[in-house]
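Here's the structure, in structure tokens; my notes come after.
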Amino acid sequence: MENRREFLKIACVAATAAVLPKVASASHFAQGSVPPDQDDISTGGSLRAHATARNFLVGCAAIPQKFSTEPPYAGAVADQANILVAENAMKWAALRPAPDRFDFHAADELLAFTQAHGQKLRGHNLCWHESIPAWFAGTVNKDNARQFLTQHIQTVAGRYAGKIHSWDVVNEAVDTKSGRPDGLRKTPWLEFLGPSYLDLAYHTARQADPTALLTYNDYGIETDSADDAAKREQVLRLIQGFKKRGVPIDAIGVQSHLSATGPLPGRGLRDFVRELRRMNLQVFVTELDVNEQKLEGSEQECDAIVAKIYKNYASMMLAEPNVTALLTWGITDRYTWLNGPKLARLDGRPQRCLPLDANYRPTPVFFALRDAIDTRRKAT
Ligand code: XIL
């Protein structure tokens, strides 16, 4: 096993740019689902190639700052994705160094990358209670909040108009524990503008970019737990309100930060997706990863569990025709946010939650995800 592992390591590092040599046995991949062409992960065997052949969008969150400094990173992101999203580069904190100044460097670099590689780009996000710049608290208030929100959306969505697949206009606006009957999260925007800040954000986004699919993105709506079921209900009510009031909404983003030891997604989410389909809404899996914080066992055992969760989840979602895109929250374990504070594995081992490991070798997650993509019918 160790020899094979070493071999794979060497072979797969080389594989980001070129096709791998044949590998004799696929037994390392506990899913038992590695097809004979598993050595080719960068061209015809890539997630991207498999998804594109099926008219499906697959991709990942990307860090544009790494494109020029780390060629294997750029190679992997180009090879594996036909759609990208900025992990942080399009958030307020990145775009707004000062109240009267925008910095589009990293965001523009990401757009240029997607255009050079024939990829779509998701916008994430225009309005969120996190990633708010330090100057915000002392500057934005009841009197000017409307102006700040609309100016931000006009400037950012306007700059990229016609070039964005979908915008997460508002991120994480629901909090069933807020104690409010409408289930809205207590955020600065809610405090300053009341619940109508949501309608305002979506109307402004539509005006600024009439072609991007306007998305509502949230987490904690995936599993069959009572908490997640309640939050799904609340999100559905929010969306029904949008529809009733003529607020432009095209899609729901299901973040999909799953836990290897927590409750799992199931019928509740599937029914939710179907309900959204009846409302003519698309669904995107926007930030998929699986946290193994409390998962015990050898690396190989943990890998198998994580891969199985990916396979079941992605297959369930891809079986629904209105699920049109799936993005993982990163491409390589090297840069996953899950190694950060409060999320890291309790035993100190690095997380293995993404299609490529820290050295750009495919993990069992890669093959699980590719198998799930293959369950979609090929485009003819
Ligand atoms: C995370 C990033 O991955 C981190 O790098 C950053 O420090 C905090 O934000 N839900 C979201 C994403 O919508 O924007 C978050 O991304 C993860 C949770």
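Bear in mind these aren't lab numbers, they're just calculated from the coordinates by the rules spelled out. None of these values were measured; they are calculated from a predicted model. Glycine also receives a Cβ, built like all others from the backbone with ideal geometry; neighbour counts cover every protein chain displayed.
Cα-Cα over 23 Å: which of Lys311/Lys378; Lys177/Lys244; Lys186/Lys231?
On the way: Lys311/Lys378 18 Å; Lys177/Lys244 25 Å; Lys186/Lys231 15 Å.
Beyond 23 Å between Cα atoms: Lys177/Lys244.
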Query - In degrees, nearest ten, helix 364-374 long axis to first principal axis of the chain (Cα) - result: 70 degrees
Requested in this report: In whole Å, largest first, what are the principal axis extents of the Cα atoms in the chain?
Outcome: 66, 48, 43
Query raised in the report: Angle between the Cα long axis of helix 299-318 and the longest principal axis of the chain, 0 to 90 degrees, nearest 10?
Result: 50 degrees
Report task. Report the GluC sites (Glu not before Pro) located in the range 201-310 that are in a DSSP loop and have at most 15 other Cβ atoms inside 10 Å of their Cβ, or state none. Result -> Glu296
Query raised in the report: What percent do you get for the relative contact order of the chain when only Cα pairs under 8 Å and 6+ apart count?
Result: 17 percent
Query raised in the report: Mind checking the angle between helix 267-278 and the chain's longest principal axis? C-alpha axes, 0 to 90 degrees, to the nearest 10.
Result: 60 degrees
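Please give the length that would be gained between Ala161 and Arg278 if that part of the chain were fully extended, namely 0.36 nm times their separation in residues minus their C-alpha to C-alpha distance (nm, one decimal).
Numbers: separation 117, 0.36 × 117 = 42.12 nm, distance 2.82 nm.
Extra length available between Ala161 and Arg278 comes to 39.3 nm.
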Query raised in the report: Could you give the radius of gyration (one decimal) and Dmax (whole number) of the Cα atoms in the range 86-140, in Å?
Result: 12.5, 42
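Taking the highest mean first, how do the peptides 205-218, 261-274 order by number of other beta carbon atoms within 10 angstrom per residue? Mind dumping the intermediate values first?
Values: 205-218: 21.6, 261-274: 16.8.
Descending packing order for the listed peptides: 205-218, 261-274.
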Query raised in the report: For the range 304-319, list residues with backbone N below 18 Å from a point placed 7 Å from the Cα of Gln293 toward its Cβ?
Result: 306
Report summary line: Inverse of <1/r> over all distinct C-alpha pairs of the range 153-259, i.e. the Kirkwood Rh in Å, gives 14.4 Å
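Suppose R0 equals 30 Å. What FRET efficiency, 1/(1 + (r/R0)^6) with r the Cβ-Cβ distance, do Thr139 and Ala112 give to the nearest 0.05? Before the final figure, lay out the partial values.
Working: r = 31 Å, r/R0 = 1.03.
Taking R0 as 30 Å, the efficiency between Thr139 and Ala112 is 0.45.
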